[in-house]
1. Among THR180, THR99, which is outside any strand (DSSP E or B), of a type in the set (Val, Ile, Thr) and either surrounded by fewer than 17 Cβ atoms within 10 Å (Cβ to Cβ) or out of contact with any Phe, Trp or Tyr (no Cβ under 9 Å at 6 or more places or on another chain) (or both)?
2. Report yes if TYR124 is farther than 20 Å from LEU7 by Cα and either in contact with a helix residue (DSSP H, G or I) (Cβ under 9 Å, 6 or more places away or on another chain) or at pLDDT below 95 (or both), otherwise no.
3. Do any residues in the stretch 93-109 that are closer than 23 Å to LEU147 by Cβ have Cβ atoms under 6 Å from those of residues that are among the aromatic types (Phe, Trp, Tyr) and assigned to a loop (DSSP other than H, G, I, E, B), where the two are at least six apart or on different chains, and which pairs are they?
4. Out of curiosity, is MET135 modelled with pLDDT of 95 or more and not in a loop (DSSP other than H, G, I, E, B)?
5. Filter the stretch 40-75 for residues that are surrounded by 21 or more Cβ atoms within 10 Å (Cβ to Cβ) and of a type in the set (S, T, N, Q) and give the result.
6. Here are some residues: ILE150, ILE162, ILE168, ILE143. Which one is under 13 Å from the mean Cα position of the chain (by Cα) and among the hydrophobic types (A, V, I, L, M, F, W, C)?
7. What is the number of the single condition among (1) under 22 Å from LYS92 (Cβ atoms); (2) within 14 Å of the chain's Cα centre (by Cα); (3) of a type outside the set (Ser, Thr, Tyr); (4) surrounded by fewer than 22 Cβ atoms within 10 Å (Cβ to Cβ) that PRO28 does not meet?
8. Taking the stretch 117-145, which residues are crowded, with 24+ Cβ neighbours inside 10 Å and either more than 23 Å from LYS194 (Cα to Cα) or in contact with a Ser or Thr (Cβ under 7 Å, 6 or more places away or on another chain) (or both)?
Amino acid sequence: MDEINVLFDPFISPNPKAAHIDIGSLRPDYILLSHAHDDHVADVVTIQQRSKAKVLAVVETAMWLNSQGIPESDLVPFNFGGTVQTSFGSVKMVYALHTNATPDGQYAGVPVGFVLKSGGKTIYFAGDTGLTMEMKLLENMAIDWALLPIGGYYTMDVDDAILASGFINCPNIIGIHYNTFPPITIDTDAAKQKFADAQLNLHLLEIGQELEL
């Protein structure tokens, strides 16, 4: 984003499928956290302390991160409906239907999603969420790309993600939260076909693969 690096929900070192990724080489300018479950925050402290990235998160999650060693000056705590201006554009915090607690069992506030505006593009990062009518509030935001969970079990599955694409009026989808653990393993070819049948574009990236939006 305009030469700015943004990282979402870093879960790298505990993930055997990401063993080829050197987290020491990651230098994000911003880290956005949808919630504080371990498979979304496992590497946030390590990466932040090396990169000095600003971390955007809901208030209670940000407070917990401060207790884990991230300086208050590097935290941007905000809440539903809030919009933060950054060096690449704006980030609005929106609703997500999920749960939220820290790896050590503390209350971490609500789970969230984000709508980013940068360089004339609008991108929706849903985070972990079930299908919810709240998504229809985003349909007039002219979303160009959406990152939607498709693995089911803990979040939306493929069929619900197709409905969500209609709710937000966005045909360009990047699938997230699938094939990491056995309960969220999916048939990727079948998923792509279902999206294609619905006149939607589903992109499923390999870990480390790039896609120009």
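The values are calculated or read from the model by the stated rules, or taken from the named source; none is laboratory data. As the structure is a prediction and not an experimental result, all values here were calculated from the model. Methodologically, a virtual Cβ is constructed for each residue, glycine included, from the backbone with ideal geometry; neighbour enumeration extends over all protein chains shown.
1. THR99
2. So TYR124 fails the test.
3. Correct list of pairs: MET93/PHE80.
4. Judged against the criteria, MET135 is a match.
5. Within the stretch 40-75, GLN48, THR61 qualify.
6. ILE150
7. Here PRO28 meets the rest and fails (2).
8. Across the stretch 117-145, the qualifying residues are GLY127, ASP128, THR129.
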